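Presented below is the structure to which this report refers.
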Amino acid sequence: MDRIRIVGGARLNGRIPISGAKNAALPLMIASLLTAETLTLDNVPRLADVTLLKRILGNHGVDVAVAGKRAEQDAFAGETVKLTAGEIVDTLAPYDLVSRMRASFWVIGPLLARMGEAKVSLPGGCAIGTRPVDFFLDGLKALGATIEIEAGYVIAQAPAGGLKGARVSFPKASVGATHVILMAATLAEGETVIENAAREPEIVDLADCLTKMGAKIEGAGTSTIRVQGVARLHGARHSVLPDRIETGTYAIAVAMTGGEVLLEGARRDLLDAAFDVLVEAGVEVETTNEGVRVARNGHGLAPMNVVTAPYPGFPTDLQAQLMALAARAGGSSSITETIFENRFMHVQELVRLGAKIHLEGDVATIEGVDKLTGAPVMATDLRASVSLVIAGLAAEGETIVNRVYHLDRGFERLEAKLSQCGATIERLTG
Ligand code: EPZ
């Protein structure tokens, strides 16, 4: 199994190109199920989750073609992916695929809207928490669907004549449930109003793409989204927005090691909450016409007090990375996780590198230390794994991060991007 070897201590200097957002690319690809015409997506990141979703969509009958070859001089450019769901050959999403990636459950919305039926495996729990699907099912029921759970599968059936527009009010904002009800509503008859909708930029990106496909949507990016259903959607071309979590991760890495890096193509406005925390801690952040420049030269870091929250709050997907940074700040920091109840697997691993962290319920208190020391570590989810990479970059000596497949799910060419800025980091294969 591949591992990442890091020898810490080097400052990061140079440029890091930011890829298309994984969490936008996945729902955008799933939206291709809504039309028989071709959806062309540019700036699709080259990630294991994207590859898996291509397979899942292929199972449903989507023709997936990648346009052009990666040019040698532009090794970090995203892919252009053409998805054509001319005919849906299967409305079943099996357990062995859905259990590997939770977002694949989201096919339930478009399949039900276009085909009137879907049988999709329940995704099950995962390392970061229980992650139920009740909001999705209640929302689809509000649109008129009949839902049965049988042998681990959700069997959904639209009423005769198809889904009907309705008011869907989520008990709390959910990214996935908002994506699914939004997609389903585009082809439902009449108006759907989604209340307490998630406001994440990836929701806005999906709504923009659906609008290009002929959907009638207002209010994406606010907590009330209105959709007027249309009879059919058509093909379109859309470019995936830059990955704000990748942006924040590298910004935190630079804050950790010191140095100066231009995050090419990054958009600060997608990540104000996190950049504000970094600025308060003493990191320089500047928006340029090429992206966002992040620097820390010489001075130390002030402690941080952060509570994760749905967008526009501080993202849970950067919580682990910030904890690595807090471990090197002066004084006592506190980080509260409010989105997922069990998203603290990195804590014990960071402690192995010398961090001082006290966990009580959903609050981690971190006492800054003068130095971290390299060690073998592993983590059980994507963002936890990358927090260990960040810690390793600043630790004395060698850190080996095991279970690299988690990183490959969400970070495109992580070692290449960091080593071109001066980090000593390599992949050990086998
Ligand atoms: C999305 O997950 C992201 N995944 C996650 O990123 C991210 O951490 C999360 O949103 C929060 O920002 C993708 O976009 C592919 P939610 P999602 O539904 O949609 C509860 C990463 O590392 N809930 O917004 O699954 C749920 O348990 C991943 O890239 C219900 O109770 O998250 C959680 O407490 C990890 N019932 C809260 O809502 C439901 O039916 C928010 O979760 C649905 C959700």
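The values are calculated or read from the model by the stated rules, or taken from the named source; none is laboratory data. None of these values were measured; they are calculated from a predicted model. A quick note on method: Cβ atoms are made from the backbone with ideal geometry, for glycine too, and the neighbour counts reach across all protein chains shown. Areas reflect the complete protein model, heavy atoms only, side chains present, ligands, DNA and RNA absent. Shrake-Rupley method; radii C 1.70, N 1.55, O 1.52, S 1.80 Å.
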- Selection from the stretch 315-361 of residues open to solvent by 40 Å² or more (accessible area, probe 1.4 Å) and either under 24 Å from the mean Cα position of the chain (by Cα) or of a type in the set (Ser, Thr, Tyr) (or both) yields Ser332, Thr338, Ile339, Phe340, Glu341, Asn342, Met345, Gln348
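Residue-wise test of (1) more than 24 Å from Gly116 (Cβ to Cβ); (2) open to solvent by less than 30 Å² (accessible area, probe 1.4 Å); (3) more than 16 Å from the ligand (Cβ to nearest atom).
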site	(1), (2), (3)
Arg11	yes, no, yes
Pro17	yes, yes, yes
Asn23	yes, no, no
Leu34	no, yes, yes
Asn43	yes, no, yes
Thr51	yes, no, no
Lys54	yes, no, no
Leu57	no, yes, no
Asp63	no, no, yes
- Message: Yes or no: the stretch 365-379 includes at least one residue that is surrounded by fewer than 19 Cβ atoms within 10 Å (Cβ to Cβ) and within 23 Å of Leu271 (Cβ to Cβ).
- Response: no
- Item | In the stretch 276-314, residue farthest from Glu367 (Cα to Cα) [restricted to those that are among the polar types (S, T, N, Q) and open to solvent by 60 Å² or more (accessible area, probe 1.4 Å)] | Asn289
- Item | Selection from the stretch 204-245 of residues that are open to solvent by 10 Å² or more (accessible area, probe 1.4 Å), of a type in the set (A, V, I, L, M) and free of Cβ contacts under 8 Å to residues at least 60 places away in the same chain | Val204, Ile217, Ala220, Val230, Ala231
- Residue, farthest from Ala184 (Cα to Cα), within the stretch 108-120, restricted to residues that are away from the ligand (no atom under 13 Å from the Cβ) and of a type in the set (A, V, I, L, M): Val120
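Within the stretch 1-107, considering only strands (runs of 3 or more DSSP E) that don't extend past its boundaries, which have at least 3 residues that are under 21 Å from the mean Cα position of the chain (by Cα)?
In the stretch 1-107, the matching strands (runs of 3 or more DSSP E) lie at 38-44, 79-84.
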- Message: On the basis of being open to solvent by less than 50 Å² (accessible area, probe 1.4 Å), closer than 26 Å to Ser174 by Cα and free of Cβ contacts under 8 Å to residues at least 24 places away in the same chain, does Phe411 make the cut?
- Response: no
- Scanning the stretch 108-120 for residues that are open to solvent by less than 10 Å² (accessible area, probe 1.4 Å), in a strand (DSSP E or B) and over 16 Å from Phe135 (Cα atoms) gives Ala118
- Can Ala253 be described as part of a loop (DSSP other than H, G, I, E, B) and in the same structural domain as Ile390 (by TED's automatic domain parsing)? no
- Item | Members of the stretch 274-294 found to be of a type in the set (S, T, N, Q) and part of a loop (DSSP other than H, G, I, E, B), listed by number | Asn289
- Task: For the stretch 90-120, enumerate the residues that are charged (D, E, K, R), over 26 Å from Leu233 (Cα atoms) and without any contact (Cβ under 8 Å) to a residue 40 or more places away in the chain.
- Result: Asp96
